[in-house]
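Read through the structure below, which is laid out as structure tokens, and then see the notes.
The values are calculated or read from the model by the stated rules, or taken from the named source; none is laboratory data. Quantities reported herein were computed from a predicted structural model and do not represent experimental measurements. Virtual Cβ from ideal backbone geometry, glycine too; neighbours counted across all protein chains shown. In case anyone asks, the SASA skips ligands and DNA or RNA and just uses the protein heavy atoms, side chains included. Shrake-Rupley method; radii C 1.70, N 1.55, O 1.52, S 1.80 Å.
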Amino acid sequence: MKSVTILGSTGSIGISTLNVIEQHTDKYKVFALTANTNIEQLSEQCVRYKPRYAVMADEDSASKLRLSLSNLAPDIEIFSGVEGLTNVASHIDTDYVMAAIVGAAGLLPTLAAAHAGKRVLLANKESLVMSGKLFMDAVHQNGAELLPIDSEHNALFQCMPSDFHNGLDQIGVTRILITASGGPFRETALHELEQVTPKQACDHPNWDMGKKISVDSATMMNKGLEVIEACWLYKAIPDQIQVVIHPQSVIHSLVEYEDGSVLAQLGNPDMRTPIAHALAWPERITSGVKPLNLFDVARLDFENVDVERFPCLGLAAEAMSVGGTSTTILNAANEVAVSEFLEGRIKFTDIADVVEQSLSNIDSVNADTIDVILESDHQTREYSRKIIGELAV
Ligand code: NAD
Ligand code: MG
């Protein structure tokens, strides 16, 4: 029986994780559940899944959750804040940690799970983008198992031999191909992009996800973050990775070998497949995902990325090539810009501008300590808010 902590259990990935666990109560039990401020939803999850611990982002929400559970589930201990999150993520009695908090807020608890040598199921790509080397070192030095949940990286994991940690050259891999749906604006006229609304940006054609990653998919910053994520996970450089637009989202990514073989992983676009894979690896369990019907899919299309339409992708690859805190800056500027766009304060096309200006005007330094990374994140957020203040109408 594996004991699972779900960081961000009220989100899209958190809910899918609970759904898979619920199908295998003989193999997995819920150890801790955490949420930002949604007391009602976390309370319902606590009553249903009976974790040992629950964590809310702030103490006020934690007190309300205590009150709400005082009769229904009085045995659950409730904590708050980053300390509460890092405690449950590194607790001696938890085996697996699903890192499904969105954005930089996930960094410290995810890193704590790696330091504690857990099996880390990584959905929170932002933490790896922010702290790449530090994070991978924590995994390797503490014997943690890092299993990617992002569908592309999970597909790559499934298409690589088990010694991929030695580097692509050693395993005969010549290229990594990451697929992208192209999001909701793949065919929108370029001049109309300025006017698109948050609702349109969140309306993804193939995947049902949280708002931040939905906007990232619409700008293709999500693919940029994924290129960086793949570089760290598979010891690649951006030039070894090709992004391919594949509107059907059935092929989740591909690995090309020197003998000409190209291995791909296919399936219906449902995150329960990578979640079940990472929970059960190296075994397999059912996920509840419908079998893929190739006759229904009928065709698979591939296109090149239009770099003018999706400038964020180029910015991300460049930040990775520069190295140091560049990817921390990229991530922080993007988080601020996406949140301001969702609040209706800037235009969709301003997101890339905010990121570009932040990368040009903030110095990249060696990202070798967590303090440097947190300081760079903080500095970039202040800078981005300042330039957005000048932009906003
Ligand atoms: P979501 O917005 O649906 O859920 C986010 C979760 O994080 C919620 O439980 C929320 O309560 C919690 N949270 C938010 N801010 C917090 C804070 N400050 N402190 C503590 N908790 C906080 O997001 P999601 O779509 O589930 O995505 C989660 C992560 O998984 C993201 O990093 C995303 O990039 C990644 N991911 C998601 C998908 C998907 O299909 N949804 C696919 C691949 C990767
Ligand atoms: Mg993905």
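Helix-only mean residue ellipticity at 222 nm, the chain, DSSP H runs n ≥ 4 weighted -39,500 (n - 2.57), per residue, nearest 500. What is it? Present the calculation step by step, with values, prior to reporting the outcome.
On the way: 16 runs with 181 residues, N = 393.
Result for the chain: -14000 deg cm²/dmol, rounded to the nearest 500.
Solvent-accessible area per residue for segment 82-144 at a 1.4 Å probe radius, Å²?
Details: 1940 Å² over 63 residues.
On a per-residue basis, segment 82-144 sits at 31 Å².
Of the accessible area of the chain, with the probe set at 1.4 angstrom, what percent is carbon plus sulfur? Please report the intermediate quantities before stating the final value.
On the way: 8470 of 17180 Å².
Reported share for carbon and sulfur atoms: 49 percent.
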Inset, instruction - Count charges around L190 for me, please; just the other residues with Cβ under 14 Å from its Cβ, Lys/Arg as +1, Asp/Glu as -1. - result: -2
Legend entry - Relative contact order of the chain, defined on C-alpha pairs under 8 angstrom at six or more residues apart (%): 14
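In the chain, what percentage of the DSSP-assigned beta bridges are antiparallel, given to the nearest 5? Working shown, then result.
Details: 10 of 40 bridges.
Given both bridge residues lie in the chain, the antiparallel proportion sits at roughly 25 percent.
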Inset, instruction - Could you order R48, R119, R175, R381 so the one with the most accessible surface comes first? Probe is 1.4 Å. - result: R48, R175, R381, R119
Inset, instruction - Distance check, please: which entries in K27/K64; K29/K235; K27/K290; K50/K223 exceed 27 angstrom between their Cα atoms? - result: K27/K64; K29/K235; K50/K223
Inset, instruction - Distance between Cα centroids, segment 114-166 to segment 256-329: provide it in whole Å. - result: 15
Inset, instruction - Amide H neighbours of F79 under 5 Å, at least 5 residues apart or on other chains, H built in the peptide plane: list them. - result: A54, V55, M56
Inset, instruction - Kindly report the accessible area of segment 184-272 per residue (heavy atoms of protein chains, probe 1.4 Å, no ligands, DNA or RNA), in Å². - result: 43
Inset, instruction - Name the long-range amide H neighbours of K29: under 5 Å, sequence gap of 5 or more, or other chain; modelled H, no Pro or chain starts. - result: K2, S3, V4
Inset, instruction - Could you tally the net charge around E145, taking each other residue with its Cβ under 11 Å from the Cβ of E145, Lys/Arg +1 and Asp/Glu -1? - result: +1
Inset, instruction - Check cross-link reach from K386 to the aspartates and glutamates: straight Cα distance under 18 Å, and skip same-chain residues fewer than eight apart. - result: E335, E340, E343, D350, D353, E356, D363, E375, D377
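May I ask you to list, by number, the DSSP H helices of the chain whose Cα span along the axis is at least 20 Å and whose average Kyte-Doolittle hydropathy reaches -1.0 or more? Provide the component values of the computation, followed by the final result.
Numbers: long enough: 125-141 (21 Å, 0.05); 326-342 (24 Å, 0.69); 370-391 (31 Å, -0.51).
Length and hydropathy pass: 125-141, 326-342, 370-391.
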